Ligand code: ZN
């Protein structure tokens, strides 16, 4: 199943992506909430999976596939090659940070280059969305708590990130988390540990990595995080980026108005955002 949110900003509806068609879930499942915590808590994920409509062609806007998460938890330095390219130490335990919900952005919407801080950069990442919440989830049970996966660009303002000496501000500017294009349920992913991630800037390949190289794998991450942080339905966890971000290139590359960043992950899809 591929869940989407579609429609104009502020009027998005939940839907199912079927090829090039979309099934409007507000028609197929009367009373369905938007795809956020209530959607998962109310059993609508399972109900949506049982919808058999073929849908209708849709040519409008696709939005971020989930909204109003309680938390967006991100991983720093979770690929060895990325830790090394920045001459950074390799973490001995998962390095967590947060992005705020104002960062959420559609898979094809514009990303705003902040006026107050330079060096806007890209990071292609595999993100997961929690379907069933919990605390102290063991790694062996972890995958059953996941509703699905999507492509996530952890956009970063390096100037703010580095000058602040911690990452909150530089990671949390408006529009800094384009994600999508849809939420892909786990049954559609053949081998979670062998997905190819790529980022292109204006068509030029900048990042290419594989989830095979994640330092801390998803089941362990869920066990580690949920040990003391209750995971809620709709929470987003983004698993970190491989090498090839702009700031550590020689010479460094920063995004300028008009640049287009495409992030893609095999078996999931692509997101494509213009920076303005
Ligand atoms: Zn990141």
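What follows is calculated from the coordinates using simple rules that are stated; it is not laboratory data. Computed from a prediction, not measured in an experiment: that's the story for all the values here. All Cβ positions, even for glycine, are placed from backbone atoms using ideal geometry, and neighbour counts span all protein chains on display.
Based on the Cβ-Cβ distance of residue 38 and residue 276, what FRET efficiency does E = 1/(1 + (r/R0)^6) give at R0 = 22 Å, to the nearest 0.05? Please list the in-between numbers first.
Numbers: r = 33 Å, r/R0 = 1.48.
E between residue 38 and residue 276, to the nearest 0.05, is 0.10.
Between the range 194-259 and the range 134-182, the C-alpha centres lie 8 angstrom from each other. Ordering of 72-78, 85-91 by packing is 72-78, 85-91, highest average first (other Cβ atoms within 10 Å, averaged per residue).
Counting only the backbone N, which residues of the range 45-86 are under 20 Å from the spot 7 Å out from the Cα of residue 18 toward its beta-carbon? Counting only backbone N, you get 45-63.
Over the chain, the alpha carbon radius of gyration divided by the compact-protein estimate 2.2 N^0.38 Å works out to 0.95.
Suppose only helical runs count, i.e. DSSP H with n ≥ 4. What mean residue ellipticity at 222 nm does that imply for the chain under -39500 (n - 2.57) per run, divided by all residues and rounded to the nearest 500 deg cm²/dmol? Walk me through the numbers on the way to the answer.
Numbers: 8 runs with 44 residues, N = 276.
The helix contribution divided over the chain gives -3500 deg cm²/dmol.
Averaging the sequence gap over all C-alpha pairs within less than 8 Å and six or more residues apart, then dividing by the number of residues, gives the chain a relative contact order of 25 percent. Given R₀ = 45 Å, what would the calculated FRET efficiency be for residue 188 paired with residue 116, taking r from the Cβ atoms and rounding to 0.05? Computed FRET efficiency for residue 188 and residue 116: 0.65.
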